[in-house]
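The values are calculated or read from the model by the stated rules, or taken from the named source; none is laboratory data. Keep in mind that what you see is a predicted model, and the values were worked out from it rather than measured. As a convention, Cβ positions derive from the backbone with ideal geometry for all residues, glycine included, and neighbour counts pool all protein chains shown.
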Amino acid sequence: MIVITTPTGAIGHQVLANVIGSGEKIRVIARDASKIPGSIRQRVEIIEGSHGDADVVNKAFDGADCIFWLVPPDFQATSLEQAYVGFSRPAAEAIKQHSVKRVVIVSAIGRDWPGNAGYVSASVAMDKLIESTGVSCRVLTMPGFMDNTLRQVQPIKNQGMFFGTRDPESKDPYCATRDIAAVAAKWLLDRSWTGQEDVPVLGPEDISCNDMAQILSDVLGKPVRYQQISFEALRSQISGQGATDAMAQGMVDMMIAKNKGLDHAVARTPEGTTPTSFRQWCEEELKPAVLN
């Protein structure tokens, strides 16, 4: 039995699609089962509720062999500890109670980062909580997501610009959520592994924001440029979207760490290199969204 959290989320729905035809029994935890496509609802067992709720995870983890664990964003959390570790504490207890064998966790690069990295530091603390149960883990550690560019479809479309706090010439790894989901599905379906290991998911290349702008210009057939903004502007933007002070500051602290080299804390290897390039992702994902 495989249990999948966030089955309607950006990564979780792709994980579900990758394992649904495997012949394994699949159970999902969903806040709203109606958001799961009808063709899939008929093929999985659904536990409705939040996977931060003790009753829900105790019911869902009963009889489970492997769990896909992803904490959803919560901009209303009063602290990063609440958003990540507090949310995951009932699951850690349920993992022990039900003797779950394996957990695949979506996390981030930064386990050995020496300073505060905001969301990343909180995510690493969550990883350590789950690992403390003794369960076998594969912790997927990622840099930035290519898919986050979809949040800027309107300024790309209307202004020919996208914005961020990264240095425009700094070359960094970026990965596509489709590749994260593929790696997660591989580990979920493999019954042979034990122990606790990090699994970097780094995309195929390191590119800068200026490189991205050139690729966007080529793919969209019009000029697109990158505009760096201040950390204070980022904080104001996140706060304006309704985030608490703690969550807005957590985002800023993460981006400060990325500007100091956080996403290079893990060396690129063939095993950590995934196939989807930013150009391919733009052709297949961003271009249709911009032209829609």
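Determine if segment 124-134 includes at least one residue that is assigned to a loop (DSSP other than H, G, I, E, B), in contact with a strand residue (DSSP E or B) (Cβ under 7 Å, 6 or more places away or on another chain) and buried (at least 17 other Cβ atoms within 10 Å of the Cβ). Don't jump to the end; show me each part of the working.
Within segment 124-134, the subset assigned to a loop (DSSP other than H, G, I, E, B) is 132-134.
Then keep just the ones that are in contact with a strand residue (DSSP E or B) (Cβ under 7 Å, 6 or more places away or on another chain); that gives none.
No, because not a single residue in segment 124-134 is assigned to a loop (DSSP other than H, G, I, E, B), in contact with a strand residue (DSSP E or B) (Cβ under 7 Å, 6 or more places away or on another chain) and buried (at least 17 other Cβ atoms within 10 Å of the Cβ).
If a residue must be part of a helix (DSSP H, G or I), of a type in the set (Val, Ile, Thr) and within 12 Å of the chain's Cα centre (by Cα), how many such residues does segment 135-179 contain?
So the count comes out to 1.
Taking the condition in a helix (DSSP H, G or I), hydrophobic (A, V, I, L, M, F, W, C) and buried (at least 22 other Cβ atoms within 10 Å of the Cβ), does Ala94 pass?
Working: in a helix (DSSP H, G or I): yes; hydrophobic (A, V, I, L, M, F, W, C): yes; buried (at least 22 other Cβ atoms within 10 Å of the Cβ): yes.
For Ala94, the condition - in a helix (DSSP H, G or I), hydrophobic (A, V, I, L, M, F, W, C) and buried (at least 22 other Cβ atoms within 10 Å of the Cβ) - is met.
Among the helices (runs of 4 or more DSSP H) lying completely within segment 181-292, list those that include at least 1 residues that are among the aliphatic types (A, V, I, L, M) and touching a helix residue (DSSP H, G or I) at 6+ places or on another chain (Cβ under 7 Å).
Numbers: elements: 209-220, 231-240, 245-259, 278-281, 287-291.
Qualifying helices (runs of 4 or more DSSP H): 209-220, 231-240, 245-259, 287-291.
Take the residues of segment 30-77 that are touching a residue at least 60 places away in the same chain (Cβ under 8 Å), of a type outside the set (D, E, K, R) and surrounded by fewer than 17 Cβ atoms within 10 Å (Cβ to Cβ): which is nearest to Leu140 (Cα to Cα)?
Per the stated criteria, the residue is Pro72.
Assigned to a helix (DSSP H, G or I), within 17 Å of the chain's Cα centre (by Cα) and farther than 21 Å from Trp193 by Cβ: is that true of His51 in this structure? Before the answer, list the steps.
On the way: assigned to a helix (DSSP H, G or I): no; within 17 Å of the chain's Cα centre (by Cα): yes; farther than 21 Å from Trp193 by Cβ: yes.
No; evaluated as a whole, the condition is false for this residue.
Among the listed residues Val290, Val266, Val224, identify the single one that is closer than 27 Å to Ala122 by Cβ, touching a residue at least 60 places away in the same chain (Cβ under 8 Å) and surrounded by 14 or more Cβ atoms within 10 Å (Cβ to Cβ).
Numbers: Val290 fails: closer than 27 Å to Ala122 by Cβ; Val224 fails: closer than 27 Å to Ala122 by Cβ.
When all the criteria are applied, what remains is Val266.
Of the numbered conditions (1) surrounded by 15 or more Cβ atoms within 10 Å (Cβ to Cβ); (2) over 18 Å from Lys258 (Cα atoms); (3) basic (Lys, Arg); (4) out of contact with any Ser or Thr (no Cβ under 7 Å at 6 or more places or on another chain), Arg166 fails exactly one; give the number of that condition.
The number of the failed condition is (2).
Of all residues in segment 100-145, count the ones that are β-branched (Val, Ile, Thr) and touching a residue at least 40 places away in the same chain (Cβ under 8 Å). Spell out how you get there, then give the answer.
Our first condition is that a residue be β-branched (Val, Ile, Thr); within segment 100-145, this holds for 100, 103-106, 109, 120, 124, 130, 133, 135, 139, 141.
Imposing the further condition that a residue be touching a residue at least 40 places away in the same chain (Cβ under 8 Å) reduces the set to 104, 106, 109, 120, 130, 133, 135, 139, 141.
Within segment 100-145, residues that are β-branched (Val, Ile, Thr) and touching a residue at least 40 places away in the same chain (Cβ under 8 Å) number 9.
Just checking, which of Asp211, Asp206, Asp198 is more than 30 Å from Ile67 (Cβ to Cβ), touching a strand residue (DSSP E or B) at 6+ places or on another chain (Cβ under 6 Å), at pLDDT 95 or above and surrounded by 15 or more Cβ atoms within 10 Å (Cβ to Cβ)? Give the steps one after another, and end with the answer.
Working: Asp211 fails: touching a strand residue (DSSP E or B) at 6+ places or on another chain (Cβ under 6 Å); Asp198 fails: more than 30 Å from Ile67 (Cβ to Cβ).
The unique qualifying residue is Asp206.
What residue, among those in segment 1-29 that are in contact (Cβ under 8 Å) with a residue 60 or more places away in the chain, in contact with a helix residue (DSSP H, G or I) (Cβ under 6 Å, 6 or more places away or on another chain) and assigned to a strand (DSSP E or B), is surrounded by the fewest Cβ atoms within 10 Å (Cβ to Cβ)?
Ile2
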